[in-house]
Amino acid sequence: MPLRSLLLALLITFIWGVNFVVIKLSVTEAPPLLVAALRFALAALPAVFFVPRPVMRWQIFLGYGLAVGAVQFGLLYLAIQLGLSAGLASLLMQMQAFFTALLAASLLRERLPANQIAGIALAFAGMAVIGLIADHHTSAIGLILVLIAAFGWSVSNILVKSAGSANMLSLVVWSALIPPIPLTLMTGLTSGWASIGQTLTHSGPGFWAAVAFMGYFNTVLGFGVWNYLIQQHGAGRVAPLSLLVPVFGMLSSALYFQETFPPLKLLGAVLVFVGLLVHVFGGRLKLWSGQQLQIDQS
C-alpha cells in the first residue's frame with residue numbers, strides 16, 4: 001500500500017478511535033438517542049443533494065439504516081451514557097467481527113476456519129472476564145447494550161454483502177436519513193419531548209462541534225475514505241488496520257478521562273484483542289507457515 005494511502009487509513013482509524021471520547025462528552029449534555037439522531041441528520045444533510053441515491057433493494061437499504069443507526073449507534077450512545085467507559089466501548093464494538101463471522105456461517109453458509117473459531121473463543125473468554133467484574137468499574141447494562149450494538153453492526157455487514165456492488169458512500173449518506181426518525185421518537189418517549197427542544201435551543205457550541213465531528217468527519221469522511229481505500233487496495237490490505245481503532249480509542253480515553261484498567265479488566269481486554277488478532281491474521285500465519293514448510297522440504 002502506498003504511503004499516502006497508509007497515512008489516510010491511519011487518519012481514519014484515529015478519527016474513529018477518538019470518536020468514542022467525543023461520544024462520551026456529548027451524551028453528558030443531551031439524551032443519547034437524540035445525539036445519535038442529530039449525528040445522522042448532519043451526516044445526511046446536505047450530502048444527499050450531491051450524492052446519488054444507492055441502487056439496491058429497499059429492504060436492504062431500510063435494514064441497513066435501522067441496523068447502523070437505531071441499533072449500532074443508538075445503543076452504543078446509550079451504553080456510554082449509562083457508564084460504560086469510552087475506551088472499553090471502542091474495544092467491545094469490535095466484537096462485530098465475530099458476530100459477522102457467525103451470521104455469515106449460519107445465513108450465508110460460509111465456512112468458519114479454525115483460526116476464526118479460536119479467535120471467537122478467546123474473545124468470548126475475555127467478555128466473560130469483563131462481565132465477572134461488572135461493578136463500579138464496568139456498567140453491566142452498558143456491557144449488554146454495547147454487545148447488542150456490535151451485533152447490529154454485524155447485521156449491517158451482512159446487508160452490505162447482500163447489496164453487491166452498490167456505491168457504499170451513497171448507502172452511508174442516504175441511509176443516514178432513516179435513523180433520526182425512530183431515534184427522535186424514542187427520545188421523546190423515554191426522555192420527554194421537552195428535552196428535544198431544550199437540546200436544540202440551549203446547547204452550546206461545544207456540543208454542536210461534537211455532533212458535527214461525528215456526522216461529517218466520523219461518518220461521511222470516515223466511511224467515504226475507508227471505502228475508497230478498500231476499492232483501491234482491497235479489503236484484505238485495508239480492513240485489518242481497523243484493529244487500530246480500539247488502540248486509539250483506549251489511549252484517547254486514558255489520556256482524556258484518566259481511564260484505568262484493573263488487572264482483571266485488563267486481562268479481559270487483552271483476551272478480546274488477541275482474539276481479534278487471531279481472527280484476522282491466524283489464517284495468513286497458517287498459510288505462511290505452510291509455504292515455509294514447502295520451501296524447507298524442497
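When the chain is treated as a GNM, springs tying every alpha-carbon pair under 10 Å, which of 104, 36, 194 comes out with the largest mean-square fluctuation?
Most flexible of the set in this elastic network: 194.
Among 90, 191, 252, which one moves the most in a GNM of the chain with springs linking Cα atoms closer than 10 Å?
Comparing 90, 191, 252 in the GNM, the peak value goes to 191.
To the nearest 500 deg cm²/dmol, what mean residue ellipticity at 222 nm is calculated for the chain from DSSP H runs of n ≥ 4 alone, each contributing -39,500 (n - 2.57), summed and divided by the residues?
Estimated from H runs of four or more residues: -23500 deg cm²/dmol.
Report the Stokes-Einstein translational diffusion coefficient (µm² s⁻¹, integer) for segment 116-200, Rh taken as the Kirkwood radius over Cα pairs, at 10 °C with viscosity 1.306 mPa s.
On the way: Rh = 16.4 Å.
After rounding, the answer is 97 µm²/s.
Can you give me the Cα centroid spacing of segment 1-56 and segment 151-205 in angstrom?
After rounding, the separation between the Cα centres reads 11 Å.
Would you please give the residues with an amide H less than 5 Å from that of residue 139, counting only those at least 5 places away or on a separate chain, with H modeled from the backbone geometry?
Distant-sequence amide H within range of residue 139: 84, 85.
If we count trypsin sites (Lys or Arg not before Pro) as exposed when they sit in a DSSP loop and have at most 16 other beta carbons within 10 Å, what is the longest stretch of the chain that avoids them all?
After excluding every exposed loop site, the longest remaining stretch is 112-298.
Dividing the convex hull volume of the Cα atoms of segment 3-297 by its residue count, what figure in Å³ per residue is obtained?
153
Magnitude of the Cβ-charge dipole of the chain, K/R +1 and D/E -1, about the Cα centre, nearest 20 debye?
Here the size comes out at about 600 debye.
Taking θ = phi - 60°, what integer Hz values does the Karplus form 6.51 cos²θ - 1.76 cosθ + 1.60 yield along segment 258-264, in sequence order, with x for Gly and Pro?
Calculated HN-Hα couplings, in order: 6, 5, 10, 10, x, x, 5 Hz.
Just rank 23, 178, fewest to most, by other beta-carbon atoms within 10 angstrom.
Details: 23 27, 178 21.
Lowest to highest Cβ neighbour count: 178, 23.
Taken together, the values in this text are just the output of simple stated rules run on the coordinates, not laboratory data. What you see is a predicted model; the values in this text were computed from it and never measured. Note that we place each Cβ from the backbone using ideal geometry, even for glycine, and neighbour counts take in every protein chain shown.
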